[in-house]
Every structure is written in C-alpha cells, then in structure tokens.
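First up is the structure itself, then whatever we jot down about it.
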Amino acid sequence: MADDRTNRTPAKKSDRPRRRDIALTAGLGVFIMAVLALSGEMGAGVFLAGALALAALAAVYYLTALTAAEPSVRPALASASLRPVEIEACEAMLERLPIPVLLIGPGGRIERANPSARAFLGLGAERGLLSTALRQPRVLEAVSAALRGERGASVEYATLAPLESHVRAYVEPIRLNVPGPMPFRAMLVLADDTSSKRAERMRADFLANASHELRTPLASLSGFLETLQGPARDDEEARDRFLSIMKEQTERMRRLIDDLLSLSRVEMNEHVAPTGSVELNDLVRDVAEALRPVAERRAITLEAAFSDMSAQVRGDHDQIYEVVENLVENAIKYSPDGAQVQVWVEAARTRDGAEHMPERIDPQSGRLTLSSPPLDPDARFAVVRVRDTGPGIERRYLPRLAERFFRVDGQKSGPAAGTGLGLAIVKHIVSRHRGGFTVESAPGAGSVFSTFFALAPARPAAPADAPGDVEETPDAVTKA
C-alpha cells in the first residue's frame, strides 16, 4: 500500500502544473478572442477558427508533452500522466483535427505536425525547420518568444502568390516537465481566414459595382417614366417605343446582377482548387447542342470537333460549362449573320503546346496569355478552343479583355452589348482550376480563345488477360 501511495503522489504533483497551464492558455485565448470581438475585427468564421484553436490547444496538451519530449524522458511522462487509452485517443483526435496544429521545439524545429498542417504548409519532412516552410517574420518572432516562455500571441498575415490567402496564426507557450535548459515548446495553430476576407470584400465590391453600373439604366428608366407620365401620355407610338427600350434596360440590369453574383461566387472560392473530374468532350457537346438554336436564328454555322483521346480533366462541371458557354455565346454574339463559329477539344498537350494554336489566324494577329497555370513540367492539359469570324480585336485591347466591365469600342451599345463581366468570370474560373486562358485576334480575321485544364490522373489499367476485357480503340475526331 505504501508503495502504491508513493507511486501515485508524483503523478498528482506533475498533473497540477499541467492543469494550471491548460487553464492559463485557455483563459488567455478567451481574452484575446473577446478583445477582437469587442473591437469588431472578428467575424463568425474567425470566431469559429479561434474556438477550434482553443480546443486543439487544450485537448492535445498532454499528447504533445509526451510525444515532443526526448525519448529518455517519454516513458516517465507517460507513466506519470495519461493511460495508454487516453494517449491513443488524443493522438486520434490530433490526427483528425481539420485545422493545422504544430508543435515547435528548440531552434524552431517542427517536432510534431498533424496531417492538416502538413497539407497546409506542404511539409515534406515533419521535423524540418519552421522557417523553411513558413516565411512570415512576425509568426517566427512570436514562436521564438513562446519558446522563451513569454506570453502567446495572435498574428495575421497574407500571401499573394500563387493565390491570395489570409491566415491567422495562434501561438502559445507550453511548459513540459522535462529536464534541461529548454522546457518550453510553442504550439502553433493556423486558421485559414481567406473565405471570410473574400466575403467581406465581395460585399463591398458588389455594392460598389452595382451602384456604379446600375446608375445609367435606372436614370434612363426614370426619364422614360417621366416622359410617359407627361408629354407622351397620349402618344401611342412614343409609348410603345419607350416601353421597348425600358424592357431592354431592365433585361440588361438583370444580366448585370446575375453576372456580378456569379463573379462574386467564383472569387470567394478561387483559392480552393476543385476536386471533381469532367469529360470535356461530353461537356462541349452539351454546350454546342444547347446553343445551336441560338446560332441558327442568325444563320451562323456552329461546328464542334472532339478529341479522339480521353479529355478527363480535374474540375467543377458547372463552372467549366459556364466557361465554354460564355466563350461560345460571345463568338455567336459578335459574329456577323451567316458566319461560322468553331469549337474543338484537344487533349494530352503540355502547357507550352496548349497555349496557342500551332498556326496563326493572321500574320499580324496579336497573342496574349491572360492566365497561366502553376509551373509543372509533368502536367498535361486538355484544351478547349473557340474561334469566330467576327470583326476581331485590336492588339492594344487584348491586355484588358479580362477586366471587369471592359468592352471594346463598338461593343458598348446595340443588341450585342454585354455586361463586360463574361471574360472576367472565365479568367477567375480558369484560375481556380489552376489552368490557362489565352487569346489570339486580329482585326478582320476574328478571334480564338483557348482555355486549358489539367488532365485528371489516369486510373490503373486492368491486366490485359483479365476475363471479360474488351480491347478499345480510340475513335477518330468527330464533328457535330
């Protein structure tokens, strides 16, 4: 009995500082979140991230004390604190946390990182230096302070390449009951705040753009209404003409609002790459069939050609459909009656080979890349090209084609006038898919718009002598 009491006493004593540290850490975190909330700098997404961070700090404290310690003291810590079942539960919880959690040891070396942290920072080796994976001086300073036993901190930072992102880093010191001159470790929790930042900017941009672009049609509607209530009250011919113009202005406002909402949705999720897969041949065939009646009303020939190879790409079906639909609609809209519009799919191209057509549409045509994918020499792409025989675009206008509300001279009015948001939507969707977007055009020779998307990884092929296998041969290029 005496031996049993003797064995229990050190465990209870060693647990007291741990409980105290947990209480202090949680209290400090609550205080920081309260200050941010009262100052108006914390939204719902940030609050949720902070709550998860506090839960991670409190829940995995015992685990980090055990696993981060040197091997020589790890058995003693295990026998003095948690039972094996509790240790296993803490490890499972840490592995499944959806937010990045890291334990930083002396010298700024990563001693532990959960799968979310390894994916978020692209860690190749778990025990590398934090400074090589996260080049943010303020975060590194906060980690160094925590390793000296100073109070924790919350640091917000932003990156612009390869895509814009906003991250809030929570750093807290943790004191371990280990011998040696460096008893402190730093717990680093990273919360991705990009979505909430984009949502705030989206609301501001939407209000600014809508108020600016809707001012002209609303002023026109107001003037027509005043005229119909006054001088044209009994003029049937003027009333019919004004009502027709008012209908066009109302339709334009509807298209403008729809495009603004679509662009805002795309921009909000642009930093998150899609995980689905799409067969481009089937998608382009669906778009061509849907828009063929629109082309036939103006005697425009819509010709579609498909790759004789699989064109399965990584992406979101609805967004890629919107890209192709937008480009084909523009080609039909800006082509003269009786013209020809071509859309075709090419597969298994490198990035350099996919950017532009092998031959120019005109010796003097201008070529420009509006969006490029990340550098990857092993990547292969499927390309969708849309060519029209319209008036073409002057070289000086090409760099501005994907700007919001930009319209080439001569396309700002009339039945073919658009909102100026279509190509901006295309560019942002392609950017989210880590793809490319190019244009080639010359006055009088028409234009070619090319979008290329990364091919999805091929599935493992079944053995050739497997029962029931049927040898397939690629079909020739078909035209609809």
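Each reported figure results from applying straightforward, stated rules to the coordinates on display, with no laboratory input. Note that the structure is predicted; figures quoted are calculated from it, not measured. Quick reminder, even Gly has a Cβ in these numbers, built from the backbone with ideal geometry, and neighbours come from all protein chains shown.
From least to most packed, judged by other beta carbons within 10 angstrom and beginning with the fewest, Val155, Val386, Val294 follow the order Val294, Val155, Val386.
What FRET efficiency do you get for Thr132 and Ala158 if R0 is 22 Å and r is their Cβ-Cβ distance, rounded to the nearest 0.05? So the FRET efficiency works out to roughly 0.65. Between Glu296 and Asp376, residue separation times 0.36 nm minus the direct Cα-Cα distance comes to 24.6 nm.
Within a 10 angstrom radius of the beta carbon, how do Tyr170, Tyr321, Tyr334 rank from fewest other beta carbons to most? Fewest-to-most ranking of Tyr170, Tyr321, Tyr334: Tyr321, Tyr334, Tyr170.
The length gained on full extension between Arg360 and Thr227, counted as 0.36 nm times the residue separation minus their Cα-Cα distance, comes to 42.6 nm. By the count of other C-beta atoms within 10 Å, a proxy for reagent exposure, Thr227, Thr451 are ordered fewest to most as Thr227, Thr451. Residues whose amide H lies under 5 Å from that of Ser371, counting only those 5 or more places away or on a different chain, are Phe437; hydrogens are built 1.01 Å from N in the peptide plane.
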